[in-house]
Amino acid sequence: MSADEEAIEPATAFAALGDPIRVAVLETLADDRRSDPDEPGLAFSELRKRVGVRDSGRFRYHLEKLRGPFVEQTDDGSYRLTYAGSEVATAIVAGTYTERATLGPTDLDSDCELCGAGAVGRYDDGVLSVRCANDHRLFVWSLPPNAASGATLRELVRTATLDLYQTVETIRAGTCPDCYASVETRLEPTDGAGQPYRFRARCEACGSTLDVPAGCCLVGHPEVEALYRRHGRSIRDGYWWELEFARADAPVERVDGDETLRMSVGVGDETLRATLDDRGRVTATDVESVERE
Ligand SMILES: [Zn+2]
Ligand SMILES: [Zn+2]
């Protein structure tokens, strides 16, 4: 939308979706975009035919309700999705608005970092959660129902883990992954037992929050990834809560009169020490090798 166009109220925009024909238009245009991503667009008559409405006047009425927020016309007069239209069409495909999926409970063959009891995962109502028998929370993440369709719980955990890593990396770069506003991060202590430091962010624009163990600051850092690779391991394989440095109780040291924080990552005979500022940004790293007998 150009600056001189009138802004549309969200309630008005969403009211425009209140008819099955309009939803079918979005789905049809999304199909068209998938089959011709470089030059998406359907002429009025073709779009009407594919949606399956015979009355041209009635179809035009509904199409006009979408034009602006969700659908736009190209120079040659054909219709295609706007950015918002694509987002809504994608959410429809992902089942965000309509589907309900349940998976688990499934024993994940992994132990709780705090008490050693077995980790059990379940997915219900859009939320994946991994807890132990003593109800310690190991991992909680939101995913749309489509992520769960045809997947096992273990596969869903893997999808959620990749999503978590991407989210952390985007937030650490200062951007909210949900609405793309700037976001400030904090590395701060908590009073909760066994949770000395958390990496946190809250987007003032959309209210989205992130609250994960301090070690998440280190995910995606090239030196940390390289350390794992040198020892034939990958941070991205295996369960997220089993990474020692990402455990909720992984120690964070205050150094230099509280200005600086330090975390250690040990793999094999090497220990990487990362220096962090209070926003969770890595400012320096050094690696120490220990001779073991
Ligand atoms: Zn536990
Ligand atoms: Zn946001």
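Of the chymotrypsin sites (Phe, Trp or Tyr not before Pro) found in the stretch 60-149, those that fall in a DSSP loop while having at most 15 other beta-carbon atoms within 10 Å are TYR97.
Is the C-alpha gyration tensor of the chain telling us rounded, prolate or oblate? Criteria: a/c under 1.5 is rounded; beyond that, a/b larger than b/c is prolate, otherwise oblate. Intermediate values should be presented prior to the final figure.
On the way: a/c = 2.66, a/b = 2.07, b/c = 1.29.
The shape class here is prolate.
Stretched out fully, how many nm does the piece from SER182 to GLU244 gain, at 0.36 nm a residue minus the Cα gap? Walk me through the numbers on the way to the answer.
Values: separation 62, 0.36 × 62 = 22.32 nm, distance 3.01 nm.
Net length gain for the segment: 19.3 nm.
Projecting the Cα positions of SER142, ALA250, ALA214 onto the charge dipole of the chain (unit charges on Cβ atoms of Lys, Arg, Asp and Glu, taken about the Cα centre) puts SER142 furthest along the positive direction. Each residue, ASP109 and ALA91, gets one label point 7 Å from its Cα in the Cβ direction; the gap between the two is 3.8 nm.
Here the contact order of the chain, divided by its residue count and restricted to Cα pairs under 8 Å and six or more residues apart, works out to 9 percent.
Charge tally around ARG131: other residues with Cβ under 9 Å, Lys/Arg +1 each, Asp/Glu -1 each, net +1. Relative to the first principal axis of the alpha-carbon coordinates of the chain, what is the inclination of helix 153-172, with its axis defined by its Cα atoms, in degrees from 0 to 90 and to the nearest 10? With rounding to tens, the tilt is 90 degrees.
If you place +1 on the Cβ of every Lys and Arg and -1 on the Cβ of every Asp and Glu, how big does the dipole about the Cα centre of the stretch 218-289 come out, in debye to the nearest 20? Each step should come with its number before you reach the end.
Numbers: 10 positive and 16 negative charges, 62 e Å.
Dipole about the Cα centre, nearest 20: 300 debye.
When the chain is treated as a GNM with alpha-carbon contacts under 10 Å, the residue of ALA89, ALA15, ALA101 showing the greatest mean-square fluctuation is ALA15. In the chain, the longest principal axis of the Cα atoms and the axis of helix 56-66 are about 30 degrees apart. For the chain, the fraction of 1.4 Å probe accessible surface lying on carbon and sulfur atoms is 44 percent. Students often get this wrong: which residues of the stretch 151-166 have the backbone nitrogen under 18 Å from the point 7 angstrom along Cα-to-C-beta of ALA205? The answer is none. On a per residue basis, the stretch 93-150 carries 55 Å² of accessible surface, using protein heavy atoms and a 1.4 Å probe.
For ARG198, neighbours were defined as the other residues whose beta-carbon sits under 10 Å from its Cβ, and their charges (Lys and Arg +1, Asp and Glu -1) total 0.
With contacts defined as alpha carbon pairs under 8 Å and 6 or more residues apart, what's the relative contact order of the stretch 133-206 in percent?
On the way: 60 pairs, mean separation 13.8, N = 74.
Relative contact order here is 19 percent.
Since only LEU261, TRP241, ALA274 are under comparison, the one whose Cα sits farthest along the positive direction of the charge dipole of the stretch 231-280, derived from C-beta charges on Lys, Arg, Asp and Glu, is TRP241.
Angle check, please: helix 20-35 long axis (alpha carbons) against the longest principal axis of the chain (alpha carbons), in degrees 0 to 90, nearest 10. With rounding to tens, the tilt is 70 degrees.
The values are calculated or read from the model by the stated rules, or taken from the named source; none is laboratory data. Keep in mind it's a predicted model, so treat the numbers as computed, not measured. With ideal geometry, Cβ positions are generated from the backbone for all residues, glycine too; neighbour counts draw on all protein chains shown. Calculation scope for accessible area: heavy atoms of the full protein, side chains included, ligands and nucleic acids excluded. Shrake-Rupley method; radii C 1.70, N 1.55, O 1.52, S 1.80 Å.
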